[in-house]
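These notes are about the structure you will find just below.
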Amino acid sequence: MSWNLERVLYSQFNTPTDILFDGRFVVVLDADGLHFIDYRNQQNITQDNLLGDSNFGLSTSKTITVTGTKVAYFDNHYYVTNADEFNTLTKINYATGIVATISLPEVMNSNIAPINGKLWFSSKGKDDLLDEQTLYSFDGDDFALGKIPVRHQQAPRYLATDYRGNVIVTNFNDVSISKFDSDTITHLSDIRLSREAYFIKTLSDRTCFVASTQGVADEDEDYDRTLADGSTSNSEFDTGMLYAVDTVLDTQQTKFQTLGKIGGIADQSGKLWMSHNRELKDDVKGIMRLTLSNNQVKFTKAYEMKLKTDPASTPPFNWNIEEGKFFEYSYGKCIKTETYDYEYWNGNSVAQATVPEYFFCIGDGYLQGFKIESMYTTQRVNIQSTAMISTGNHDYTGD
């Protein structure tokens, strides 16, 4: 018996901090460097439908030694920050390795976002006269800048595009997001929210979602946890909010309770897959799926049930049901890989294969991924034997 999850693709890393998809590789940055994982070859592995471990270890195609915490892909190169609060970028080429080290105008405290042919980031420090921070763009050669007309904040900012030619910036102190023209860095408007913005994800249809930061813990009177000693305890957690934002009308639209601080959002077929920091039962963090058509939220810990032969048994065998799980439950940043076709040599001729969409997530020590369409469905039972069912005066035997 198993959950309808074909296999978990996984690889172990040394405290991974960032992840991206460059069109071919899943790229993971950890304490040892930048790792390139070609996950597509797992498509040719035949899964045993009844026995054996369906999880599949991914191999690393290449590792480039570099020290940093954040990575962005821009103009066929990878840019790695030297720290969370960074003042240099290491420019990396897949074929040749480190190309250059770029000194920034000042210390930055944001993600690095490739938007409309430039890299974007914002300053940690402030203009003392205006009490404002600076928004920077970098085209590969030169820097340009503009002021964020909101009071200076200590929390890191997050930058993203709205796919309408604009850069969107989170504002903690102003409980809003700011919109800038990506060509001129002209401030266009501020969009007021109900809670402090932390993370932005714009879908391919230009729907913009903004997640809030952690706030005051709220007590859920309907949610009890069973502790290790058998007692029960009410759980306190940060609800958080997720907003759909219209960046044309500059308005906040639908808002969802996110049940935790979101670490990443991936979109697929009218659904948002989100990693979050709320602990479910057994102190396990989860991944949730929001169906946009009906606002339904579901969680998964992606359990897998496996049938194993009892070593002490003889034919007819006794079977034990073992529970398999993810390798870890601390889910951090996540991405969705796009589907694409590629050619490969099958031993006799050139063949074509299609790689489906996958959801990948990093945690404290692992990269884990799985087919998105198979990630959260119903249970199924795989039978590969002769069975008999008795009812009334009749026995039914079949295979």
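General observations
- Applying 1/(1 + (r/R0)^6) with r as the Cβ-Cβ distance of V175 and L129 and R0 = 22 angstrom yields a FRET efficiency of 0.40.
- Computed over Cα pairs, the Kirkwood radius of the range 35-188 leads via Stokes-Einstein (0.692 mPa s, 37 °C) to a diffusion coefficient of 188 µm² per second.
- Sorting D174, D246, D341 by the number of Cβ atoms found within 10 Å of their own Cβ, with the fewest placed first, yields D341, D246, D174.
- Taking each residue as 0.36 nm, the span from D75 to Q12 lengthens on full extension beyond its C-alpha to C-alpha distance by 19.8 nm.
- Residue order for L145, L367, L129, fewest other beta carbons within 10 angstrom first, comes to L129, L145, L367.
- Neighbour counts of C-beta atoms inside 10 Å place V26, V150 in the sequence V150, V26, starting with the fewest.
- Computed E for A353/T96 - FRET, C-beta separation, R0 25 angstrom, nearest 0.05: 0.30
- Annotation: for a label point projected 7 angstrom from Cα along Cα→Cβ of S204, residues of the range 346-375 with backbone N closer than 13 Å are 356-358.
Read the figures in this text as sums done on the coordinates, not as results from a lab. Everything numeric in this text was worked out from a predicted model, so none of it was measured. Every residue, glycine as well, gets a Cβ built from its backbone with ideal geometry; the counts of neighbours run over all protein chains shown.
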